[in-house]
Structure formats: C-alpha cells, structure tokens
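Visitor: Here's a structure for you.
Nothing in this text is a laboratory measurement; each read-out follows from the coordinates by a stated rule. Just so we're clear, the structure is a prediction, and the values are computed from it rather than from any experiment. Counting neighbours? That spans all protein chains shown, and the Cβs are built from the backbone with ideal geometry, glycine included.
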Amino acid sequence: MTDTSRIESTIPARAPVSVPEGKPIRYRLEQDYTQLVPVHVVWEVTLACNLKCQHCGSRAGRPRSDELNTAEALDLIDHLAALGTRELTLIGGEAYLRRDWIELIRRSRANGIRTAIQTGARNLTDKRLDEATEAGLQGVGVSIDGLPELHDRVRGVPGSYDQAIDALRRAKARGLAVSVNTQIGAETAEHLPELMDRIIEAGATHWQIQLTVAMGNAVDNPELLLQPYQLLDVMPLLARLYREGEARGLLMVVGNNIGYFGPYEHIWRGLGDDADHWNGCSAGQTGIGIEADGTIKGCPSLATSLYAAGNVREMSVEDIWRHSERMSFGRLRDVEELWGYCRTCYYADVCRAGCTWTSESLLGKRGNNPYCHHRALDLASHGLRERVVKIREAPPESFAIGEFALITEAIPGAQVTPMPERDPAAVHVAPRQRSAAGGALPPSLKPCRSCAGYIWPHELTCPHCQADVAQAEALHQADAKRRRALIERATHLLAGVMTPQLEATNG
Amino acid sequence: MAIIVLYGQTITDGIAKGDLAELQRLEAQAEAHLKEYGDIPTLLALLKVEIAKLEGRAK
C-alpha cells in the first residue's frame, strides 16, 4: 500500500492554540465560538464493526458502500486542520477495521491535532496498538457498559468485556492515555461501583458517563433505556462515584446528555472548576461529525436524515461548516423553539433543552428533554415523574430515529400537587452578540454560594434558596482565601519534605 | 468557557482542578510522608513525656 500520508499538505494549518492549564485540548475558548472553530471532530472512518451492540445508533456492522478513499480522507484532515481543529477522534464501526487507519492517525498528528480512537476493542491486537502508537496515536477510549454479563449481552459478543479490559491494560503499557466510556441504561447503575474498581485497576485515568439514547438499535431494544425518573437515583450515585474516583486517580467526565443544572452541576462539568457549566448543545458551533462516506453533520450522533449538512465530495468542508443551514441551526436557535417543560424552565436560554440528539431522537422534535435532573427533581417535589414508551419503530438505516411518547404520572405513594403555571414571556433571555463569522458566545451563569445552584448574573436573591447573593459570595470569598492560604502553606511545607523523599527514591 | 463532551468520545487529557482537588492531592502527599517517616510531632511529644518521666525519677 502506498503511504500517502507522507505527501505533505499544501493547506496551511492554523497556529497552535493554548488552553488553560489542566483543561483538555477540546476546552472551548471564547474565540472558538466567535470565530466558528470546529475544535473537536469525531469521524466515523468506517461503518464496519466486529461487535453487535444492541444500542448502536448507527447500526454499524458492514462498511458503507461508498466510504471515502485514502486520498479523500487525508485531504479532509488537512482541511480540518486549516479550520482550526484541535482534536480528532476516530470511531466506527470500529476505526481499525479500515485498512488505512494508521495513515489517518499519522496525518492528523502531522497537522498537530490531538488524535484518539474510541473503540469496543475486540481484536485490538498488539500489532494494531504498536502501529498506532508509532504513528502518534495519543489516546484510546474503550467502551465498557457494565460488568461482564451485562457488557457482553449488550455488546452482542461473548468475551468482549475481557477483551476491552485487556486492551486498556495493553494500551496503558504502551504509554497511551486510556479512558473508559460507559453508557447508562436501565440495568447499568448497580454495576457502576464495581466497574469503577475494575477500570482503576486496569489503569484508566478518565471515565466518561452518558445515557443510552433512543436511536437505531436502541429503538429496537427499548428495555435498554433508562427511564427519565431513574435519574433521581442515578445522579446521586454518579456524584458519589465522582468523588471516590477523584480521590483514587480516576476522573469521571459527564457527557453532554448528563444534566442539567441539578445539584451536582458545579462539581463535575468543569472537572472541579465551577466557572464552567452546561451552556447548550454545541452542534455546528464548535464541533463536527463526519460519516464514513464524507457526510458532514454538526455532531456525530445527529440523525442523518435531519442533519446531513453536505458531503465533502460535493463541496468543501469549509463551505459546509460556514454556510449550510443544517450546520448552523445551533448558532441561530432561540428559546422560541423550546417546548414542554423546557420552554419555561429557569435555564431555558442557556440550556436549550440539553443534548439536541437525545431529545429529538426520543420525541421526534428537539427542544424538550425529559432526561434532566433539575426537571426530575422539580417534578418529584410535586409528586410527579416522567417515563417514555415507544410508539414508532426506527427505520433500518444508520442513525435512524423512532418516536417515544412522554408520560407524566404520579410517583407511586406520593402526594401530587399541581405544577405551577409558568409564563413563557417571563423566561430570561440573554442578549447574544453575533460575530462577523456568524458565531456567538453562549451565556454564562454563576453559582449561588449558598446553595451551589446556578443563577443568572443579574440575580440579587437566589431563586433557588432565597439567599442574599452578594452576602453569600462575600462569605465564599473569605472561605476561599483561607483555603488558598492553607494550600500555599501545605504546598511549601510538603515541598520541603517530599523533595528528599523523591531524591532518595530516585537515588 | 466550557468543556464539551460529545457522546462516547472520551477525554483523556483533562485533570481535576479546584480547591478540593488540590487539598486532596496535598492530603495524599502528607499521608504518604507520614507513612514513609511516621508522625514526627506525635513521636516528639511521646519522647518528651518519657524523658520528663525519667528526669523526674532521677531527681
């Protein structure tokens, strides 16, 4: 095979960008929004797959008939680099079932792009790992959906759990950054504590959690889906595991469909930095999804039928990114397209109903998302809960959606009180300045220092706990000052005692 | 501004920040030191007590 990745790009890549210390390279800077930079690109390089996942949204298995050839793929990487892409995740199907996947890694790294794969890890052999490492691969994310019986059943192949854990260890031994990706369905929660122990033992440093979404095969197997009201149990469990994992060197990262603005938002969204919070779906604003045939979407998960914004065989990725209406919906939408509970929610204008893909795949229309902890808690305080029931099958295509009915019902044994009427006109809307490129910054909230709930910056009294916002902030600042002094003192003291230890160890 | 975590695409290069994470790291370092060298302040206090006892007996 000709190594076309050694042919140098003629397209100038953008200058490197720095993110704040400790933040991942995919951290979005203000300029990413205003200059419309597709920071993170997720690329299904082939639809070929060697697992048979019951929840697979893309119904992967066989390759698409018209997947991009090597020259097209390498050219696309160069164009992404020119647009400012900083991170590329290769997925499938199974990325390494594409014969030129090593060339793609090498080209991406040559462009200065952080490059990782997301994998089910079946037959991720030593040879494959060695070649990928040599080509510059930096990270391997392995999908593990529970302990062996559940994982193997959901992934459709006996022994796939063992292969996944083994791949973690072997990737770690090669110096790659290793993480685990877990989908939470109806049966997953009880597996999580032991699964955490096992992946720490296998060397994982990051653990990404998200909810299984009603797309593709998951519509065929609706029993796999978590019910929205189950968030009331799952979210406190996740918060506990976040803390335990943090103390043991495992950083839990919550995916875009875990949320929103419940009592744990300040803990995990910013990896401990409470200045960061959920600020809406980023589809078409700072991210791109690519299907193996060159179809471009604003997010890799979105339904092809609704969000295919163009194909790189017909127009440039730059033109699709900047001008396609199906790409720009996220830049232009506002609270008027929200509906149901989300339309009058306190967080409506910053949240925009959470993950577009999750809500639209479920209910057939974006803008109302029952998978929300804030919402589940609010409903529960009135004795109510929500569950979903399938009413329409999904067609057999990749990334196809069906439809589910949303049922609001009394919590068994609870006293029901009516939900208050909320005026849509009373929803706070933050003004957005649109840049010449067409992008706009999402609004920022601040945490109330009394209850830790997020509030709009203009609030004088916290709408959640009724605290005096300024007074609580002053107390918080005093506490923070004391903590910083202790940290400084401890750092200084331990630097003196730890250095001889290190010297002795290094010997 | 924000960390965007797309479905299934794990982060492998972020680290926990904030006072809690920093305090926990320092706590772990301090505990490692105690494990390696023992609790010097408590040891010192015990030494002083025993010395004082012996000195008292010698009088």
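Visitor: Within segment A:171-191, track down each residue that is surrounded by fewer than 20 Cβ atoms within 10 Å (Cβ to Cβ) and in a helix (DSSP H, G or I).
Guide: Those that are surrounded by fewer than 20 Cβ atoms within 10 Å (Cβ to Cβ) and in a helix (DSSP H, G or I): A:Lys172, A:Ala173, A:Ala189, A:Glu190.
Visitor: Here's a follow-up. If a residue has to be more than 14 Å from A:Ile165 (Cβ to Cβ) and of a type outside the set (Val, Ile, Thr) to count, how many in segment A:185-204 make the cut?
Guide: Number satisfying all stated conditions: 7.
Visitor: Checking the structure you have, find out if any residue of segment A:337-347 is out of contact with any His (no Cβ under 9 Å at 6 or more places or on another chain), within 22 Å of B:Tyr7 (Cβ to Cβ), within 14 Å of another protein chain (Cβ to nearest Cβ) and not hydroxyl-bearing (Ser, Thr, Tyr).
Guide: So far as segment A:337-347 goes, no, none of its residues is out of contact with any His (no Cβ under 9 Å at 6 or more places or on another chain), within 22 Å of B:Tyr7 (Cβ to Cβ), within 14 Å of another protein chain (Cβ to nearest Cβ) and not hydroxyl-bearing (Ser, Thr, Tyr).
Visitor: Would a scan of segment A:283-303 turn up a residue that is under 26 Å from A:Phe404 (Cβ atoms), more than 14 Å from chain B (Cβ to nearest Cβ) and touching a residue at least 60 places away in the same chain (Cβ under 8 Å)?
Guide: The answer is yes; a qualifying residue exists.
Visitor: Scan A:Pro412, A:Pro418, A:Pro431 and give me the residue that is without any contact (Cβ under 8 Å) to a residue 60 or more places away in the chain, surrounded by fewer than 12 Cβ atoms within 10 Å (Cβ to Cβ) and under 21 Å from A:Asn279 (Cα atoms).
Guide: Residue meeting the stated conditions: A:Pro431.
Visitor: Just to be sure before I move on: is B:Glu27 at the interface with chain A (Cβ under 7 Å from one of its Cβ atoms) and either under 30 Å from A:Asn257 (Cα atoms) or surrounded by fewer than 18 Cβ atoms within 10 Å (Cβ to Cβ) (or both) in the structure I sent?
Guide: Answer is no for this residue.
Visitor: Of everything in segment A:197-211 that's β-branched (Val, Ile, Thr) and surrounded by 23 or more Cβ atoms within 10 Å (Cβ to Cβ), which residue is nearest to B:Ala16 (Cα to Cα)?
Guide: A:Ile209
Visitor: For a quick check of your reading: which helices (runs of 4 or more DSSP H) sit entirely within segment A:347-433 and have at least 1 residues that are over 27 Å from A:Ala283 (Cα atoms) and among the charged types (D, E, K, R)?
Guide: In segment A:347-433, A:373-380 are the helices (runs of 4 or more DSSP H) which contain 1 or more residues that are over 27 Å from A:Ala283 (Cα atoms) and among the charged types (D, E, K, R).
Visitor: May I ask you to list pairs of residues, at least six apart or on different chains, whose Cβ atoms are under 7 Å apart, with the first in segment A:177-193 being in contact (Cβ under 8 Å) with a residue 12 or more places away in the chain and the second being aliphatic (A, V, I, L, M) and surrounded by fewer than 16 Cβ atoms within 10 Å (Cβ to Cβ)?
Guide: Taking only residues 6 or more apart or on different chains, the pairs are A:Ala189/A:Leu237; A:Leu192/A:Leu237.
Visitor: Answer yes if at least one residue in segment A:63-81 is surrounded by fewer than 22 Cβ atoms within 10 Å (Cβ to Cβ), within 12 Å of another protein chain (Cβ to nearest Cβ) and farther than 24 Å from A:Thr125 by Cα, and no otherwise.
Guide: Among the residues of segment A:63-81, not one is surrounded by fewer than 22 Cβ atoms within 10 Å (Cβ to Cβ), within 12 Å of another protein chain (Cβ to nearest Cβ) and farther than 24 Å from A:Thr125 by Cα, which makes the answer no.
Visitor: Restricted to segment A:441-467, and to residues that are surrounded by 14 or more Cβ atoms within 10 Å (Cβ to Cβ) and in contact with a Leu (Cβ under 8 Å, 6 or more places away or on another chain), which residue is farthest from A:Asp349 (Cα to Cα)?
Guide: Out of the qualifying residues, it is A:Arg449.
Visitor: Ok, one more. I'd like the full set of residues that are farther than 22 Å from A:Arg243 by Cα and without any contact (Cβ under 8 Å) to a residue 60 or more places away in the chain, limited to segment A:194-217.
Guide: Within segment A:194-217, none qualify.
Visitor: Among the residues of segment A:38-45, is there at least one that is acidic (Asp, Glu) and more than 19 Å from B:Gly14 (Cβ to Cβ)?
Guide: Yes: one or more hits.
Visitor: When A:Asp273 is evaluated against the numbered criteria (1) out of contact with any Leu (no Cβ under 6 Å at 6 or more places or on another chain); (2) more than 14 Å from chain B (Cβ to nearest Cβ), which criterion, by number, is the only one it fails?
Guide: It is condition (2) that A:Asp273 fails.
Visitor: Would segment A:230-251 turn up any residue that is under 24 Å from A:Asp273 (Cα atoms), in contact (Cβ under 8 Å) with a residue 40 or more places away in the chain, in contact with a strand residue (DSSP E or B) (Cβ under 7 Å, 6 or more places away or on another chain) and not in a helix (DSSP H, G or I)?
Guide: Yes; the residues of segment A:230-251 include at least one that is under 24 Å from A:Asp273 (Cα atoms), in contact (Cβ under 8 Å) with a residue 40 or more places away in the chain, in contact with a strand residue (DSSP E or B) (Cβ under 7 Å, 6 or more places away or on another chain) and not in a helix (DSSP H, G or I).
Visitor: Going by the conditions given, is B:Tyr37 crowded, with 17+ Cβ neighbours inside 10 Å, out of contact with any Lys or Arg (no Cβ under 9 Å at 6 or more places or on another chain) and within 14 Å of chain A (Cβ to nearest Cβ)?
Guide: Against the criterion (crowded, with 17+ Cβ neighbours inside 10 Å, out of contact with any Lys or Arg (no Cβ under 9 Å at 6 or more places or on another chain) and within 14 Å of chain A (Cβ to nearest Cβ)), B:Tyr37 does not qualify.
Visitor: Touching a residue at least 40 places away in the same chain (Cβ under 8 Å) and either more than 9 Å from chain B (Cβ to nearest Cβ) or farther than 17 Å from B:Tyr7 by Cα (or both), is that true of A:Glu265?
Guide: In short, yes.
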